[in-house]
Amino acid sequence: MDMKMRDSEALVVFSGGQDSTTCLFWALKNFKKVSTITFLYGQKHSKEVEMARAIAEKAGVDFHLQDVSFISQIGSSSLTDTSIVMDQERPGNSVPNTFVPGRNLFFLSIAAVYARERGIKHLVTGVSQTDFSGYPDCRDSFIKSLNVTLNLAMDDQFVIHTPLMWIDKAETWELADKLGVFDLIRNETLTCYNGVPGDGCGHCPSCKLRNEGLNSYLARREAKQKNNK
């Protein structure tokens, strides 16, 4: 990252989960000033908002909460509708019902408007194509396309940063460790689809992905420590 970026401000799309929290601390390392924007979109596990606020306060960054609950009213997902039984596995080649239609499209578009009004050019989001759970709006092609669209729509020059795009969950844990926030992310974030903080419920798709990555990284770290003795 060049010096011009280091002197700039970034806005992090922040949920209080593992990925966005890792991105928050990545942004704090790479930008002069960092702000966050968090969304209420009708999610069942809205406790994540409380945790996001607490993390933002601990990190010393501005926290903005935006109500976009219309997202849950125009589309269906097991994360917003209690009547839908959550897919425990990805159903073949189709999109799992934990996908919230339009979520990242709306989040990043609204974040861009919020950023524009404050002179912020850099947006940061924790999407990953490597571990994207079958969500089409986590793919690199979507982010690049939306970046162009936002710039055209507002005649501006935003840059959407995706620090996790090409790394898996084990590498995301490694990045958190390098940033010095491994324990915070493990204990004070909420990634679980059932709303259980920290290591979560252990059996929902999000917990499985998170914990598999965690176990893989811890095994790798332990092996490295033994080899260095």
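Listed values, structure above:
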{"quantity": "Hz values of 3J(HN,Hα) by residue in region 97-103 - Karplus curve (6.51, -1.76, 1.60), Gly and Pro given as x", "calculated": "6, 7, 5, 9, x, x, 4"}
{"quantity": "Region 1-159, relative contact order [Cα under 8 Å, separation at least 6], %", "calculated": "23 percent"}
{"quantity": "Shape call, region 85-179: gyration tensor on alpha carbons, a/c limit 1.5", "calculated": "oblate"}
{"quantity": "FRET efficiency estimate (nearest 0.05) - Cβ-Cβ, Thr130 to Asp155, R0 30 angstrom", "calculated": "0.35"}
{"quantity": "Karplus (6.51, -1.76, 1.60) ³J(HN,Hα), θ = phi - 60°, over region 58-70, in Hz, Gly and Pro reported as x", "calculated": "5, 7, x, 10, 5, 10, 10, 9, 10, 8, 10, 5, 4"}
{"quantity": "Per-pair calculated FRET efficiency, R0 = 35 Å: Glu222 and Ser76 via Cβ, rounded to 0.05", "calculated": "0.25"}
{"quantity": "Of Lys47/Lys224; Lys144/Lys224; Lys58/Lys224; Lys178/Lys208; Lys32/Lys178; Lys33/Lys208, pairs whose Cα-Cα distance is over 26 Å", "calculated": "Lys47/Lys224; Lys144/Lys224; Lys58/Lys224; Lys33/Lys208"}
{"quantity": "Spin-label pair Trp166/Leu184, simplified geometry with 7 Å Cα→Cβ offset, distance in nm", "calculated": "2.7 nm"}
{"quantity": "Spacing of the two label points (7 Å from each Cα toward its C-beta) at Asp7 and Lys47, in nm", "calculated": "4.5 nm"}
{"quantity": "Leu123 long-range amide H proximity, modeled H, under 5 Å", "calculated": "Leu11, Val159, Ile160, His161"}
{"quantity": "Protection proxy ranking of 30-38, 216-224 - average other beta-carbon atoms within 10 Å, highest first", "calculated": "30-38, 216-224"}
{"quantity": "Candidate values (1) 13.1; (2) 20.4; (3) 14.0, label of the one derived for mean projected area of the Cα convex hull in nm²", "calculated": "(1)"}
{"quantity": "³J(HN,Hα) computed for each position of region 160-168 - Karplus, 6.51 cos²θ - 1.76 cosθ + 1.60, integer Hz, glycine/proline x", "calculated": "8, 9, 10, x, 9, 3, 10, 10, 8"}
{"quantity": "Computed helical MRE - 222 nm, the chain, DSSP H runs ≥ 4 contributing -39500 (n - 2.57), nearest 500", "calculated": "-14000 deg cm²/dmol"}
{"quantity": "Peptides ranked, highest mean first, by Cβ atoms within 10 Å: ranges 163-173, 139-149, 18-28", "calculated": "18-28, 163-173, 139-149"}
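Every read-out reported here was derived from the displayed coordinates using simple, explicitly stated rules and does not represent laboratory data. Quantities reported herein were computed from a predicted structural model and do not represent experimental measurements. We place every Cβ from the backbone using ideal geometry, glycine too, and count neighbours over all the protein chains shown.
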